[in-house]
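Below: one structure, written as C-alpha cells.
The values are calculated or read from the model by the stated rules, or taken from the named source; none is laboratory data. This is a predicted model, so every value here is computed, not measured. Please note: Cβ atoms are built from the backbone with ideal geometry, for glycine as well, and neighbour counts cover all protein chains shown.
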Amino acid sequence: MAQLAPANRRPYRPNVGIVVFNREGLTLVGERLDNRGAWQYPQGGVDAGENFDAAVRRELAEETGIHLHIEQKNTNSEQSPHDAELLFTAPEFLYYDFPPDLVIPGMTDRYCGQQQRWHLAYWDEPATHANLKTHTQEFASVRFMPMALVTEQIVPFKRAIYAELERLFLPKMRQYLDLRHDTRVRDSD
C-alpha cells in the first residue's frame, strides 16, 4: 500500500483526508491541540488491513464525532440527518514530503512523507455539533472557514496539497450547492 519515495527509498505513509463543507461553502477545520493557531482539515493514517473508505469514516468520526455516510450498492444503509454525505473522492493520491528538520517520533524516521487520498463531504450542522472527544483528542476546537483562508495559513509543506484541494473541490462544492439551491427553490413552489 505504501509507495516508495525515489529519493531516499523510505515509503510514504498511507493517509486519508476529508474536506467537509456547509451550505455557505465554508470548510470545517480543526485547530490542532498540539499547535494552537494551526488549523487543518481532518486527516489521518490508514491502519494495517484497512481500506481508504473505512479509514476516512474512522478518522472523521475519531477527530470530529461526525459520521460519514457512504452510499454503497445493494445495501439498505440508513443515513442519519446528522451524518455527513460523501460526495467525491479525488481521483489520484496527493503526496507531500516531511521537511528535513521535522521530527515526529515513529513517523519521520519511518516515512519520507504522506500519500493521501482526499474526500469531499457535505455536512450542514453547526461546528459546535462536532464532538472532539470521541477518541484521543487532536483538535482543540473546530470551525468553518473559506478554503482560501485555510490554504493560506496551513504549514508550508502542506500548502501545495491544500491548493490542489481548492482546484479539485471548489467546483464540486459550487455544483452541489447550486443543485441544492435549485431543489429548494422548486420544493417551495
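Data table
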| read-out | value |
| --- | --- |
| Test: residue in the stretch 2-16 that is modelled with pLDDT of 95 or more and either assigned to a loop (DSSP other than H, G, I, E, B) or closer than 28 Å to residue 129 by Cβ (or both) | yes |
| Count - residues of the stretch 137-157 that are part of a helix (DSSP H, G or I) and modelled with pLDDT of 95 or more | 6 |
| Filter result (surrounded by fewer than 19 Cβ atoms within 10 Å (Cβ to Cβ) and either within 18 Å of residue 26 (Cα to Cα) or among the polar types (S, T, N, Q) (or both)) within the stretch 140-150 | 141, 143, 144, 145, 146, 148, 149 |
| Candidate set from the stretch 152-170 (those that are closer than 19 Å to residue 122 by Cα and not aromatic (Phe, Trp, Tyr)); member that is surrounded by the most Cβ atoms within 10 Å (Cβ to Cβ) | 165 |
| Filter result for residue 120 (touching a helix residue (DSSP H, G or I) at 6+ places or on another chain (Cβ under 8 Å) and part of a loop (DSSP other than H, G, I, E, B)) | no |
| Residue check, residue 92 touching a residue at least 24 places away in the same chain (Cβ under 8 Å) and either part of a loop (DSSP other than H, G, I, E, B) or farther than 18 Å from residue 64 by Cβ (or both) | no |
| Residue pairs meeting the criteria (Cβ under 8 Å; at least 6 apart or on separate chains; first within 14 Å of residue 20 (Cα to Cα), in the stretch 117-139; second aromatic (Phe, Trp, Tyr) and part of a strand (DSSP E or B)) | 119/88; 120/21; 120/88; 121/21; 122/21; 123/21; 127/144 |
| Residue tally, condition surrounded by fewer than 15 Cβ atoms within 10 Å (Cβ to Cβ) and in contact with a Gly (Cβ under 9 Å, 6 or more places away or on another chain), over the stretch 97-130 | 2 |
| Answer residue from the stretch 17-53, given it is over 13 Å from the mean Cα position of the chain (by Cα) and not in a loop (DSSP other than H, G, I, E, B) and is surrounded by the most Cβ atoms within 10 Å (Cβ to Cβ) among those | 31 |
| Selection count where residues are touching a residue at least 60 places away in the same chain (Cβ under 8 Å) and among the acidic types (Asp, Glu), scope the stretch 141-180 | 1 |
